[in-house]
């Protein structure tokens, strides 16, 4: 059973990736789970300078979902490159560096810094964070800005380049096409959906930052639809994410057109989820006689076999 | 390579007892956790296989019994998660991740002049194992406990006998009528000038109570440790959701789950500047 995946040059042993923002830089995760079950890990969104993040409360549970507004809390690129990555590299799992910035110039500078690190297997450009005032999601809401951002990074980063898209747009395929045109080797989708919750007793928004990003099983149908649309509109591989918490969920994304999947919120509730998903995919494929995972990528695209006659 | 310090076990529920009102106590068999846990550590409990409610619920351990492998959790029904737990039947299993957070090592505190525990509501729960250890070590222990009413009180178990115990309820249905913070302060103000020793204080309860305790301890020059309660998503450090500002934001935000839940009160900002 071959679970290997090639994401525009980024080679994975299995298709399950730790989604950025729910894995930190691995230090806490290893106390609860086994990194070896990930095909790759995407580190917490990193910015040029350290960020303290948003004021609490930062999370709020919603029906089958989770709202968060962490606000890209991270120690800054310098610390990540000099301390976090060398440590994380010991586990021999490909590291995807997720980067976020407030301008094209800053994206370019960040990409240049990560290009100097020997530990980065791929760069994931976050043009979809809903929780920061400057930049963030703005870069991913227009094809032009997404193109410029991707191009700025592409010019300094020669390795596999992934662009992470937001679902908070009218037409995600136009944004996806712009990223690919500018040189993206793969696309991650989706980031969280902007949402909010209100405490009726205090008559105030629950989150300190008022709005936050919705994740978890609640957003799975939206994510699946985005993967379905984008994977058929572009020629590069897609990493599907959004509410995946079982092998069945992952298989749905793969059949919708994802070459690999990422788990985020699922990791928060079950640190051992990558093992569960990977072994579940393996068992499914074995039972169905599927020799390699890539055989079923986009498997749901094909025309349904409709009966020619109805009784 | 396994670097796991935490275990995620299928704990069997031994009992679920309604102590009074909305207060429940559950005992479950989780030897791997009971044998590792220190006082003031917590666990994150999955409520079932449903995605709604989605997240686990964090609870400090109110009882740690390495011998029998039993851990105890005392909780008040405040929402859907605790409602589900109140309906658990003996024999049922629940996924329990732990032990989480930094526990408290009493050896690291100066207890020459005694130990004072101040608890509000279910904030007493994590202090019960601390009290057990302190009593065993024959530390001079005083406990101040406040709750809304007699109906909201946790089981104080052996505390009554082994230490000086002060009880207050908002409505006066048990103990002194009023706030535990006032009882605590009047105790301190009643001390003679000859009492120069400074006991260490450990407090757990709602934020407004902790703020007040912090003010009082500052006034009397008492070292204060607080254990924070916070809503959490993961409980093990990866989501960065359960944060508290460091004092003066000098060190940004601390995560309550992995940097705490036990802090020196001086290291964190309990919101005293804004209230």
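Every number here is computed from the coordinates shown, using simple stated rules; none is lab data. Only a predicted model underlies this, so the values are computations on that prediction, with no experimental measurement involved. Don't worry about glycine lacking a Cβ; one is built from the backbone with ideal geometry, like all the others, and counts go over all protein chains shown.
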Neighbour-count ranking [beta-carbon atoms within 10 angstrom, fewest first] of A:58, A:225, B:211
A:225, B:211, A:58
How high is the FRET efficiency between residue B:176 and residue A:90 when r is their beta carbon distance and R₀ equals 56 Å, given to the nearest 0.05?
0.45
Under a 10 Å cutoff between Cα atoms, tell me which one of B:155, B:171, B:52 has the largest fluctuation in the Gaussian network model of chain B.
B:52
Once fully extended, how much extra length lies between residue A:79 and residue A:118, figured as 0.36 nm per residue of separation less the alpha-carbon to alpha-carbon distance?
12.6 nm
Label points 7 Å out from Cα along the Cβ direction at residue A:288 and residue A:200: separation in nm?
4.3
Cα gyration tensor of segment B:3-100 diagonalised, 5x eigenvalues square-rooted, in angstrom largest first, produces semi-axes 20, 16, 12
Enter the Cα centre distance for the pair segment B:30-62 and segment B:195-260, rounded to the nearest angstrom.
21
Suppose we keep just the DSSP beta bridges with both residues in segment B:62-181; what percent of those would be antiparallel, to 5?
20
Classify segment A:117-276 as rounded, prolate or oblate from the Cα gyration tensor: take a ≥ b ≥ c as the square roots of its eigenvalues, call it rounded if a/c is under 1.5, otherwise prolate when a/b beats b/c and oblate if not.
oblate
Mean projected area (nm²) of the alpha-carbon convex hull when segment B:182-241 is viewed from all directions:
5.0
Acute angle (nearest 10 degrees) that the helix B:127-136 long axis makes with the longest principal axis of chain B, alpha-carbon atoms
70
Would you mind listing how long the protein assembly as shown runs along its three principal axes, going by Cα atoms, in whole Å with the largest first?
87, 60, 47
Please compute the Kirkwood hydrodynamic radius of segment A:192-260 from all pairs of different C-alpha atoms, in Å with one decimal.
13.4
Per-residue average of Cβ from other chains inside 10 Å of A:60-73:
4
Work out, in µm²/s and without decimals, the Stokes-Einstein translational diffusion coefficient of chain A at 20 °C, 1.002 mPa s, Rh from Kirkwood over C-alpha pairs.
111
Sequence gap at least 6, Cα distance under 8 Å: using those rules, report the relative contact order of chain B to the nearest whole percent.
17
Quick one: P(r) of chain B from all Cα-Cα pairs, 10 Å bins, percents rounded to integers, in order of increasing distance.
7, 29, 37, 22, 5, 0, 0
Just to be sure I understand: of the beta bridges DSSP finds with both ends in chain A, what percent are antiparallel, rounded to 5?
40
Within the protein assembly as shown, percent of DSSP bridges classed antiparallel, to nearest 5:
50
Over all residues in A:29-38, what is the mean tally of Cβ atoms on other chains that come within 10 Å of each residue's Cβ?
5
Tell me, A:83, A:272, B:185 in order of fewest to most beta-carbon neighbours within 10 Å?
A:83, A:272, B:185
Find the relative contact order for chain A and round it to a whole percent, using C-alpha pairs within less than 8 Å whose residues are 6+ positions apart.
20
Taking only Cα atoms, what is the 0 to 90° angle, nearest 10, from helix B:180-190's long axis to the longest principal axis of chain B?
30
Sum -39500 (n - 2.57) across every DSSP H segment of at least 4 residues in the protein assembly as shown, then divide by the residue count to get the 222 nm mean residue ellipticity, nearest 500.
-6500 deg cm²/dmol
Name the most mobile residue of A:13, A:204, A:151, meaning the one with the largest mean-square fluctuation, in a Gaussian network model of chain A with Cα contacts below 10 Å.
A:204
C-alpha center-to-center spacing [segment B:68-93, segment A:47-85] in angstrom:
32
Tensor-based shape of segment A:1-148 (alpha-carbon gyration tensor, a/c under 1.5 rounded, otherwise prolate or oblate):
rounded
Segment B:106-229 pair-distance distribution - Cα-Cα, 5 Å bins, rounded %
2, 11, 23, 26, 22, 12, 4, 0
In peptide A:210-221, how many Cβ atoms from other protein chains are near each Cβ within 10 Å, on average?
1
Inter-label distance for residue A:11 and residue B:140, nm, one decimal - labels placed 7 Å from Cα along Cα-to-Cβ:
7.0
Could you please rank A:128, A:142, placing first whichever residue has the fewest other Cβ atoms within 10 Å of its Cβ?
A:142, A:128
For chain A, with a Gaussian network of springs between Cα atoms less than 10 Å apart, report the residue from A:28, A:185, A:249 with the top mean-square fluctuation.
A:28
Averaged over all directions, how much area does the convex hull of the C-alpha atoms of segment A:217-311 cover when projected, in nm²?
7.8
What value does segment A:125-213 have for Rg/Rh, both radii from Cα atoms and Rh as Kirkwood defines it?
1.10
